[in-house]
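**Q** My structure is below; once you've seen it, I'll send some questions.
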Amino acid sequence: MEKLINELKEGGVEFVDLKLSDLSGRLHHITFPLARLQTALAQGVGFDGSSLGGFLDVAESDLVVKPDTSHLFIDPFYERPTASLYGDIYEPDGQTPFSACPRNILRKAAKLVKEEGVADRILVLPEFEFYLFDEAEFYVETTASGYLVSSCETEPPSGLVNAYHITPPTDAFANLRSEMVKLLDEAGIEVKYHHHEVGPYAQAEIETALLDVTRAGDAIQTVKYLIKNAARAGGIYATFMPKPLAHEAGSGMHIHIQLWKDNRNVFSSEKDENELSEIALMFLGGIIKHSRTLCAFTNPTTNSYRRLTGGMEAPSRVFHSRANRKAALRVPGYVRGTKDLRFEYRVPDATSNPYLVLAAILLAGLDGVRKALNPGPLIKNQPEADDDRFPRLPASLTEALGALNADASFLAEQGLFPKELIHKWIKTKEKEIEEIESYPTPAEFVKYFAL
């Protein structure tokens, strides 16, 4: 550790920025001089757990966060040279891991998959869809509410309905995305590519390379952090809100998953015409069975369900397919061969807590392997909207929370998702729903004011 501190000091680093996620996935940080890093590693840094949404009540709120130095990056947005890293949360004694620490939950879920012999390496690849707005204003008050967003890409109107892979000058933020990718590379996150997405109001996508699942939670948080700050530095607003615009494409965070064991892709089989192994099918079966429950974590906002309507390539029913972008689970059509085969879960969005999302997906898949669950037939065409052979995704966050309340045992097994956390999650989200539903919307005024 002394070697690392000396290297940072020689590199001109003056401060350490210790980042941690609250239950909802919102990032928080504590900054201290580099000279305090050794003490922080040994003793941790105390903080008020009741002030980080969802962890503890005020009566017993003391917690400790300890830095994890396995991955760090130089934060480009601080004036003084600052190294950023993530931390694990502990009880006040500084020795006992806090059971609701999101990083710890993901680590334990990955460990369980490995201990049960399903895989010895778990890789994931997140896709980040987001909008870039030149202007973003919103407010909610007793006598007034509204929002206004604007994009230079539609002023003057481009006339485009689908702006997928469009080039400059219509693609106004290609250079900004390249700057974002450069920042990610400097932070140690490899990117496959970036491009303009379907939405003509400056919707963008950045896709990383495959990551070890235990690092992916931190990487997702870092990607969002760097994208938002790079946008703000350029006078632009980046949002990962799933459906910021009515009648336009929503933004998801598709998760590609690949399991390996003994240097072999566990999901791949040359015996199956679709190249999927029995383990792959059972893993898919678990996710399909628990898909409605997973939504409570993968799509944890009321706005999430404005996206999951079956339009704009967003799924509304759960089935698996090859290539079909309307499927909740698909093997990408461009992926062939035993080495590269993986599946893509297209339901999640980036308003989620990435640690809890990845842990929940792993546990759902593991449940499928344990119980040899059948995912049903591979569907080549889009099912009709009323095809009840396939589970429908929840139509609202309320439905998703109800599914979680009824089907949490696969998460709570061995205390991976503590029952207290699940209870707290449901209550916190129910309170959010109640708050949002207490305000009339501008659309309601348009429809009903004159009746």
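Derivation of every value follows stated rules applied to the coordinates shown; laboratory data play no part. Just so we're clear, the structure is a prediction, and the values are computed from it rather than from any experiment. Don't worry about glycine lacking a Cβ; one is built from the backbone with ideal geometry, like all the others, and counts go over all protein chains shown.
**Q** Provide the FRET efficiency to the nearest 0.05 for the residue 270-residue 450 pair, computing r from the beta carbons and using R0 = 56 Å. Could you put the intermediate results ahead of the total?
**A** Numbers: r = 66 Å, r/R0 = 1.18.
Computed FRET efficiency for residue 270 and residue 450 comes out at 0.25.
**Q** May I pose another question? Over the Cα atoms, compute the radius of gyration (one decimal) and Dmax (the largest Cα-Cα distance, rounded to a whole number) for the stretch 2-98, in Å.
**A** That works out to 13.8, 43 Å for Rg and Dmax.
**Q** Quick check on the chain: of the DSSP beta bridges with both residues there, what percent are antiparallel, nearest 5%? Each step should come with its number before you reach the end.
**A** Working: 56 of 64 bridges.
Of all bridge pairs located within the chain, approximately 90 percent are antiparallel.
**Q** Counting other beta carbons within 10 Å of each Cβ, put 223, 446 in order, fewest first.
**A** With the fewest neighbours first, 223, 446 line up as 446, 223.
**Q** Once you've got the Cα coordinates, tell me which of 182/224; 108/261; 19/111; 9/108 are over 25 Å apart. Mind showing how you got there, number by number?
**A** Details: 182/224 14 Å; 108/261 18 Å; 19/111 23 Å; 9/108 34 Å.
Checking Cα-Cα distances, 9/108 exceed 25 Å.
**Q** Moving to a separate point now. Order by neighbour count: 309, 298, 96, fewest other Cβ atoms within 10 Å first, most last.
**A** On the way: 309 15, 298 28, 96 10.
Listing 309, 298, 96 from fewest to most nearby Cβ atoms yields 96, 309, 298.
**Q** Under 8 Å for C-alpha pairs, at least 6 residues apart: give me the relative contact order for the stretch 108-435, rounded to a whole percent. Don't skip to the end; give the middle numbers.
**A** Details: 618 pairs, mean separation 62.6, N = 328.
For the stretch 108-435, the relative contact order is 19 percent.
**Q** Could I ask something else about it? Do the sum for the chain: with -39,500 (n - 2.57) for every DSSP H run of n ≥ 4, divided by all residues, what is the mean residue ellipticity at 222 nm, to the nearest 500 deg cm²/dmol?
**A** Calculated mean residue ellipticity at 222 nm is -10000 deg cm²/dmol.
**Q** Using a cut-off of under 18 Å, list every residue of the stretch 18-42 whose amide N is near the label point 7 Å from the Cα of residue 431 along the Cα-to-beta-carbon line.
**A** The answer is 22-27, whose backbone nitrogens lie closer than 18 Å to the label point.
**Q** Would you kindly state the longest site-free stretch of the chain, with sites defined as chymotrypsin sites (Phe, Trp or Tyr not before Pro) in a DSSP loop (not H, G, I, E, B) surrounded by at most 12 other Cβ atoms within 10 Å?
**A** 1-333
**Q** Express the relative contact order of the stretch 2-98 as a whole percentage, based on alpha carbon pairs under 8 Å and six or more residues apart in sequence.
**A** Numbers: 173 pairs, mean separation 27.3, N = 97.
Over the stretch 2-98, the number comes to 28 percent.
**Q** Considering only DSSP beta bridges where both residues belong to the stretch 2-98, give the percentage that are antiparallel (nearest 5).
**A** Percent antiparallel among DSSP bridges in the stretch 2-98 is about 80.
**Q** For the pair residue 407 and residue 370, what calculated FRET efficiency results from E = 1/(1 + (r/R0)^6), where r is the Cβ-Cβ distance and R0 = 22 Å, to the nearest 0.05? Display every interim value, and only then the final one.
**A** Working: r = 15 Å, r/R0 = 0.69.
In this case the efficiency is close to 0.90.
**Q** Filter the trypsin sites (Lys or Arg not before Pro) in the stretch 166-273 to those in DSSP coil with at most 16 other Cβ atoms within 10 Å of their Cβ, and list the result.
**A** Of the trypsin sites (Lys or Arg not before Pro), the ones in loops of the stretch 166-273 whose Cβ has at most 16 other Cβ atoms within 10 Å are 271.
**Q** Sorting 428, 39 on the 10 Å Cβ count, fewest up front, what's the list? Let's see the in-between values first.
**A** Details: 428 15, 39 11.
Going from sparsest to densest Cβ surroundings: 39, 428.
**Q** On a C-alpha basis, how far is the centre of the stretch 293-334 from the centre of the stretch 80-134 in Å? Whole number, if you could?
**A** The stretch 293-334 and the stretch 80-134 have Cα centres separated by 23 Å.
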